[in-house]
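Below is one structure, written out as structure tokens; the observations come after it.
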Amino acid sequence: MNPEGSIELYRLLKQWDPLGLATENFDYDAEIYDSMEVLHSTRDVETAGRKIQQIFLHSFEEEIPLAQIRPVAEEGLEIVELYKAP
């Protein structure tokens, strides 16, 4: 994926605040980078969603519903597809 795609993917995930911690000036940088790796390594939204769910479960011991993850995973996979290297 080209650099613009990586930036777009990062922005998407940075905007997402699945645990409502943004008001505490908290960032999810480790989870964002792990989620980016997931989106780069799979093309299946269900698999990506479960893996992202596990990332947040491991970090925060809180399970995010797959229904909340799915739209972000879908958009992330679209970004990866749009900006993939030829």
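Within 10 Å, Cβ to Cβ, of Tyr83, how many net charges do the neighbouring residues add up to if Lys/Arg are +1 and Asp/Glu are -1?
Numbers: positive: Lys84; negative: Glu4, Glu8, Glu78, Glu81.
Taking every other residue near Tyr83 into account, the sum is -3.
Over the chain, what percent of the accessible surface lies on carbon and sulfur atoms, probe 1.4 Å?
Roughly 50 percent, rounded to a whole number.
What is the gain in length, in nm to one decimal, between Gln54 and Tyr33 on full extension, counting 0.36 nm per residue of separation less the C-alpha to C-alpha distance? Don't skip to the end; give the middle numbers.
Numbers: separation 21, 0.36 × 21 = 7.56 nm, distance 1.37 nm.
Extending this stretch completely gives an extra 6.2 nm.
With each label point set 7 Å from Cα along the Cα-Cβ vector, what nm distance links Arg70 and Lys84?
In this crude spin-label approximation the distance works out to 2.3 nm.
Which is farthest toward the positive dipole end of region 1-47 among Trp16, Pro3, Tyr28, measuring Cα position about the Cα centre, with Cβ charges +1 (Lys, Arg) and -1 (Asp, Glu)?
Pro3
Probe of 1.4 angstrom, ligands and nucleic acids ignored: what's the accessible area per residue over region 1-71, in square angstrom? Provide the component values of the computation, followed by the final result.
Working: 4340 Å² over 71 residues.
Ligands and nucleic acids excluded, the figure is 61 Å² per residue.
Show me, bin by bin at 10 Å from 0, the whole-percent P(r) of the chain based on Cα pairs.
19, 55, 24, 3, 0
Count the net charge of all other residues whose Cβ sits under 11 Å from the Cβ of Trp16, scoring Lys and Arg as +1 and Asp and Glu as -1.
On the way: positive: Arg11, Lys14; negative: Asp17, Glu31, Glu75.
Taking every Cβ under 11 Å from that of Trp16, the sum is -1.
For region 1-63, what is the relative contact order in percent, using Cα pairs closer than 8 Å and at least 6 residues apart in sequence? Let's see the in-between values first.
Values: 28 pairs, mean separation 15.8, N = 63.
Here the relative contact order equals 25 percent.
Out of the chain, which GluC sites (Glu not before Pro) are coil in DSSP terms and have no more than 16 other C-beta atoms within 10 Å?
Glu61, Glu62, Glu63
Quick check on the chain: helices-only [θ] at 222 nm, where DSSP H runs of length 4 and up contribute -39,500 (n - 2.57) each and the sum goes over total residues. Nearest 500, please. Mind showing how you got there, number by number?
Working: 4 runs with 59 residues, N = 86.
The per-residue figure over the chain is -22500 deg cm²/dmol.
The values are calculated or read from the model by the stated rules, or taken from the named source; none is laboratory data. This is a predicted model, so every value here is computed, not measured. Cβ sites come from the backbone with ideal geometry, for glycine too, and all protein chains shown count toward neighbours. Heads up: the accessible areas ignore ligands, DNA and RNA and are worked out on the full protein's heavy atoms, side chains in. Shrake-Rupley method; radii C 1.70, N 1.55, O 1.52, S 1.80 Å.
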